[in-house]
Each structure stands twice: as C-alpha cells, then as structure tokens.
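Written out below as structure tokens is the structure these notes cover.
The numbers here are math on the coordinates, done by the rules we state, and not lab data. Note that this is a predicted model, so its numbers are computed, not measured. Don't worry about glycine lacking a Cβ; one is built from the backbone with ideal geometry, like all the others, and counts go over all protein chains shown.
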Amino acid sequence: MNSQQSPLHSGFGAATTAAEVLAERDLSPLTAIVTGGHSGLGWETTRALAAAGARVIVAARDVAAARARCSDMPKVQVEELDLADLTSVRAFARRCLEMCRHIDILICNAGIMACPERRVGPGWEAQFATNHLGHYALVNLLWPALQGGARVVVVSSAGHHQSAMRWDDVHFAHGYDKWLAYGQSKTANALFAVQLDRLGQREGIRAFSLHPGKIFTPLQRHLTQDEMTAAGWLDAHGHPADPTFKTPQQGAATQVWAATAQRLHGMGGLYCEDCDIAAIDDSTPPSFAGVRSHAIDPRQAERLWALSAALTGIGR
C-alpha cells in the first residue's frame with residue numbers, strides 16, 4: 001500500500017471550486033485532454049483549464065453537442081471518442097498523436113452510472129468497459145505523448161466502496177446488479193491509477209484517482225426520481241434534499257487539483273477527495289468516505305492491468 005495515502009491538509013476543501021484551485025495559475029503552455037469534457041463535471045473542468053490558459057481537447061461521443069457547447073472557447077477543440085468502442089479509441093488516439101507533440105494532462109472523466117444491463121464489444125459489461133477499459137486503452141495508446149512529464153487523472157467515485165473486483169465474474173454473466181457493476185468499475189478506475197503510476201513514473205507519467213463528491217449531473221440519467229427520493233437525494237417534490245451534494249463547480253475541483261497541484265509533485269498512485277489525498281477507511285458498514293484498501297492494493301492493480309491488456313489486446 002502506498003505510504004503517502006494520507007491527507008496533505010491542502011488548504012482546500014469540499015466547498016472549493018475548480019476556478020479557486022486555479023486562481024492566479026497560468027497553464028498557457030499546457031495541453032490537456034478531458035474525456036466527456038462538454039458535460040457535467042467534464043464541462044466545469046474544461047472551463048476552468050481553458051480559463052487558466054490551457055489548450056483543451058474535449059473527447060466526446062456526441063461531437064455536435066460538444067462543439068455547440070464549446071463554440072465560444074477558442075483554445076478548446078472537440079474530437080470524437082466513444083470509450084465503449086476500441087476502434088473509436090484507436091482513431092481518437094491516432095489523431096491526438098498527430099496533433100500533439102506532448103500531452104501534459106489527461107483527465108479520464110467520462111463515464112456511466114447504474115445503467116440497465118448492456119453489453120458492448122465482445123460481450124463486455126458496459127460500465128466496466130466504458131468507465132475502465134476504454135480509458136485503459138486510451139492511456140496506453142497515448143503513451144508516447146505522455147512520456148516526459150504528464151499527469152493522468154482518473155475519476156473514480158465513493159461508489160468503489162460498494163464492490164471490490166469480482167474476479168470470478170467481472171462481466172456479470174451470472175446475474176446483473178447495476179450498483180455492484182458501477183462499484184466494480186470505480187474500483188477498477190482507482191486500481192488503474194495505481195498500476196499506471198507504478199509503470200509510468202520512470203518516464204515522467206504520474207497518475208491519481210479521485211472521488212469528486214455527490215453532484216447532480218447527467219450521470220444520473222439512468223435513475224428515476226423515485227430511486228433518488230428513496231436514496232434521500234431528492235424530496236417528495238423532486239427538489240434536492242441532501243445538503244452534502246456539491247455544485248458542479250465544486251465537484252470538478254478535485255480533478256483539477258489532482259491534475260495541477262504543485263504539492264503533488266513527485267507523488268502518484270493516490271486516491272483523492274475534497275482537493276486532498278484521502279485517508280484509508282475500511283470501516284464496516286462502508287462509510288463511503290476515504291478510500292478502501294481494495295481500491296489501492298498494488299497486487300490487485302497489477303492483476304487488473306494484466307486482465308485489461310488481455311481483453312483489449314493493448315498494453316505494456
């Protein structure tokens with residue numbers, strides 16, 4: 001386990017916004033890629049990075065919607081990417097390598113949550129494929145442009161508390177549960193950052209994962225109002241009822257912090273929350289705060305990398 005997995009007391013917190021993280025920062029020399037960078041937390045991340053001067057490539061499945069959203073941002077360009085389709089991932093990576101000598105920041109932000117059972121590619125469970133395998137393939141294909149100094153930030157979630165890796169049935173062939181599938185995919189996101197950092201640090205590639213917080217965004221598109229009311233997120237009239245929910249601007253702050261914070265120089269393979277490194281919390285029942293050991297276990301991370309390489313045919 002990484003001995004650095006404990007809070008730094010960064011001076012920021014749950015209420016910090018992405019713009020506040022980057023106040024007085026000049027990112028004009030940097031190139032960033034944000035998957036899903038036109039919607040929800042991705043949009044707030046794109047806005048904050050671009051406002052600080054970075055060139056931002058937004059990777060989007062819906063190119064028309066993304067271009068309309070980003071049309072008034074001259075340093076932002078949109079490229080097509082469907083993370084559930086490895087042909088699309090390869091084409092996007094090829095275009096980026098042609099356009100960019102170097103990528104300084106890659107934020108693996110796009111994802112789906114608690115969707116109905118769906119299979120993609122050769123029968124992969126959709127949440128594991130989209131949230132993890134697509135980003136795994138993307139990072140490996142972009143490796144030449146990440147070498148020499150880059151941060152890869154993988155958006156995980158407190159949802160990882162719901163499920164460790166289900167090695168005996170990763171693709172839920174024997175009974176689908178949308179929340180366990182989401183939890184496994186978020187554990188995979190965190191484990192991916194651990195092994196990526198171990199493999200990449202000699203070449204200047206450092207990686208972090210994070211929980212952005214609870215935020216109302218299009219991520220909840222597959223949930224009914226009744227489900228969100230039962231969870232205590234909404235009241236009986238459909239209005240927000242949980243005071244711990246963040247605004248999208250606050251929700252984007254931790255990924256922006258992990259991508260740019262100077263205090264993280266020389267560090268990596270860590271899980272963050274509320275603009276700080278998270279503490280380990282293996283309490284029972286799960287607290288949904290901090291990071292559980294199963295999501296930062298280096299042996300599990302190495303095993304997941306090997307499985308991902310075998311499934312995609314991509315890796316090192």
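Key figures
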{"item": "The chain: DSSP helices with Cα axial extent of at least 30 Å and average Kyte-Doolittle hydropathy no lower than -0.5", "result": "178-200"}
{"item": "Choice from GLY123, GLY269, GLY148 showing the highest fluctuation, given a GNM over the chain with Cα pairs closer than 10 Å", "result": "GLY123"}
{"item": "MRE, 222 nm, helices only [DSSP H, n ≥ 4, -39500 (n - 2.57), over the chain, to nearest 500]", "result": "-9500 deg cm²/dmol"}
{"item": "Cα-centred dipole magnitude for the chain, charges only on beta-carbon of K, R (+1) and D, E (-1), debye, nearest 20", "result": "840 debye"}
{"item": "Kirkwood Rh and Cα Rg combined as Rg/Rh, the stretch 7-48", "result": "1.01"}
{"item": "Positive-end extreme of charge dipole, the stretch 176-316 - chosen from GLN249, PRO298, PRO286 (charges on Cβ)", "result": "PRO298"}
{"item": "Alpha carbon Rg of the stretch 247-316, scaled by the compact-globule rule 2.2 N^0.38 Å", "result": "1.35"}
{"item": "Environment charge of GLY200, counting only residues whose C-beta is closer than 11 Å and scoring Lys/Arg +1, Asp/Glu -1", "result": "+3"}
{"item": "Hydrodynamic radius (Kirkwood) for the stretch 235-274, which is based on Cα pairs only, to one decimal in Å", "result": "12.5 Å"}
{"item": "Extension reserve of the GLU80-LEU8 stretch, reckoned as 0.36 nm per residue once the Cα distance is removed", "result": "22.2 nm"}
{"item": "Percent of Cα pairs exceeding the 23 Å cut-off, where the set is the stretch 23-173", "result": "36 percent"}
{"item": "Choice from HIS38, HIS239, HIS160 showing the highest fluctuation, given a GNM over the chain with Cα pairs closer than 10 Å", "result": "HIS239"}
{"item": "Ellipsoid semi-axes in whole angstrom, largest first, where each is sqrt(5λ) of the Cα gyration tensor of the stretch 12-100", "result": "24, 14, 12"}
{"item": "Volume of the Cα convex hull of the chain, divided per residue and given in Å³", "result": "130 Å³"}
